[in-house]
Amino acid sequence: MELYNDLKDKKEAVSLVGLGYVGMPIAVEFASRGVKVIGFDLNAAKIETYKAGIDPTNEVGNDVIRNTTVEFTSNDEDLKRAKFHIVAVPTPVKEDHTPDLDPVKGACEILGRNLMRGSIVVFESTVYPGVTEDICVPILERESGLRCGIDFKVGYSPERINPGDKVHRLSTITKIVSGMDEETLDTIAKVYEIVVKAGVHRAESIKVAEAAKVIENSQRDINIAFMNELSIIFNKMGIDTQAVLNAAGTKWNFLKFYPGLVGGHCIGVDPYYLTYKAEELGYHSQIILSGRRINDDMGKYVAENVVKNLVKSDKAVRNAKVAILGFTFKENCPDTRNTKIIDIVKELREYGIEPLISDSTADAAQAKRLYGVEFVDISHIRNMDALVLTVAHKEFASFTMEQMDKFFGGGQKVLLDLKGLLNRKSYEQAGYNYWRM
């Protein structure tokens, strides 16, 4: 508890290793509560952006960044001035869907070189059970020359931040905390209670906390996969899936999930961490991997329906004028990492269609770097044969039919409204060939 008191008295500092959609809001929140905070990221350009008072994630806003007391740095030696370290780096998967632990291993090497006696290291990155103690601790010990449990302690507290969500924030979501021993757990819990109004849940062990996080997103992934499968079935039957779900949702215990593209760096990734560890132990996942296969194929399924509806409307497929509105992995968030909309783009190209893509919310530089995609301004989308509305950005949700009409050329208008943002009956009555998941 001495470290907790030192943080409260500003004798010691908290460090955030990794300043993305998770780490940056945590750093800012601690600083707003009067805690000394060192925000570290390897990306020097990102650090300069923060220092300039710009929030590229849109998570807290430019005004907050301009006024925060967080010390932003890309010099890892500054980590020596902190005793409570929070690691919040991404944990993606490789092309073969196996865990890519290089970012978290790299963070451990950097932190290990700068680790001081008496420190506590808390990992927030989503991992499979065992990573903190079996992979991270040995790296920290090797790089620091210190002994875990004697010279420093570790814990795990999974991130639950929902990018783009202005209601469920760090302070309003119950925080799972864990530590290698009771004393460490108590300190970690008290430190997080500084910023989490909703309180903390003390997990029985680090592995329990790791497992809790990875199943949260796996459960959501499986439920969405079920909805996607229902969508495929009901579309074959000529039944509107959304109408079915609205009817079924009147029962008190029906879970309200909806079909959609499952991308991003959480739901579309985390299940693979769990199944990887299961495979190591000799168990081949049945339900989890089945759900992943369905969700991974939905981009192709959407593209196939673009083509089918072009044919239905007597439009040539090759070189058809198709526009895609929205490219981020979720609404009102600039992040394009692991977006499944790129799957639609790739599949359309197989049919000889090069779609125009517009998304003023998305991080255009990131999309260019990751996918080679260049956006067009929405004003340039005219005379289209088909339009695919993919993301429920606020700007798209407010479209009127008059605005939609301007996107199209002659013949029947083909509209694929993946999120069901628009009134199906109104568009069908207006002569649109309307399709949704």
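The values are calculated or read from the model by the stated rules, or taken from the named source; none is laboratory data. Worth saying up front: this structure is predicted, and the values here are computed from it rather than measured. Note: ideal-geometry Cβ built from the backbone for every residue, glycine included; neighbour counts use all protein chains shown. Ligands, DNA and RNA are excluded from the accessible area calculation, which covers all protein heavy atoms including side chains. Shrake-Rupley method; radii C 1.70, N 1.55, O 1.52, S 1.80 Å.
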query = Out of the residues in the range 86-99 that are part of a loop (DSSP other than H, G, I, E, B) and under 16 Å from Phe123 (Cα atoms), which is most open to solvent (accessible area, probe 1.4 Å)?
reply = Pro90
request  = Would you please name the residue that is nearest to Asp96 (Cα to Cα), looking only at residues in the range 246-289 that are of a type in the set (Val, Ile, Thr) and in contact with a helix residue (DSSP H, G or I) (Cβ under 7 Å, 6 or more places away or on another chain)?
outcome  = Thr275
note = Of the residues in the range 381-398 that are in contact with a Leu (Cβ under 7 Å, 6 or more places away or on another chain) and surrounded by fewer than 19 Cβ atoms within 10 Å (Cβ to Cβ), the one that is farthest from Arg424 (Cα to Cα) is Ala392
query = Given Gly20, Gly34, Gly39, which one is of a type in the set (Gly, Ala, Ser), open to solvent by less than 10 Å² (accessible area, probe 1.4 Å) and not in a helix (DSSP H, G or I)?
reply = Gly39
query = Which condition breaks for Gly326 when tested against (1) under 24 Å from the mean Cα position of the chain (by Cα); (2) of a type in the set (Gly, Ala, Ser); (3) on the phi < 0 side of the Ramachandran plot?
reply = (3)
message = Let me confirm something: among Arg66, Arg81, which residue is touching a residue at least 60 places away in the same chain (Cβ under 8 Å) and open to solvent by 40 Å² or more (accessible area, probe 1.4 Å)?
response = Arg81
message = I want to confirm something. Restricting to the range 312-342 and keeping residues that are in a loop (DSSP other than H, G, I, E, B), among the basic types (Lys, Arg) and open to solvent by 50 Å² or more (accessible area, probe 1.4 Å), which single residue is nearest to Met298 (Cα to Cα)?
response = Arg337
request  = Determine, yes or no, whether Ala365 is surrounded by fewer than 22 Cβ atoms within 10 Å (Cβ to Cβ) and part of a helix (DSSP H, G or I).
outcome  = yes
inquiry  = Would you confirm whether or not the range 346-356 contains a residue that is among the aromatic types (Phe, Trp, Tyr) and in contact with a Ser or Thr (Cβ under 9 Å, 6 or more places away or on another chain)?
reply    = no
ask   = List pairs: first in the range 230-259 and touching a residue at least 40 places away in the same chain (Cβ under 8 Å), second assigned to a helix (DSSP H, G or I) and surrounded by fewer than 16 Cβ atoms within 10 Å (Cβ to Cβ), Cβ under 8 Å, 6+ apart or cross-chain?
value = none
ask   = Across the range 187-224, what is the number of residues that are among the small types (Gly, Ala, Ser), modelled with pLDDT under 95 and crowded, with 22+ Cβ neighbours inside 10 Å?
value = 1
message = Being at pLDDT 95 or above, over 30 Å from Leu289 (Cβ atoms) and under 24 Å from the mean Cα position of the chain (by Cα): is that true of Glu48 here?
response = yes
request  = Write out, first by first residue and then by second, each pair whose Cβ atoms fall under 8 Å of each other, whose residues are 6+ apart or on separate chains, and whose first residue, in the range 163-176, is at positive phi and surrounded by fewer than 12 Cβ atoms within 10 Å (Cβ to Cβ) while the second is modelled with pLDDT under 80 and acidic (Asp, Glu).
outcome  = none
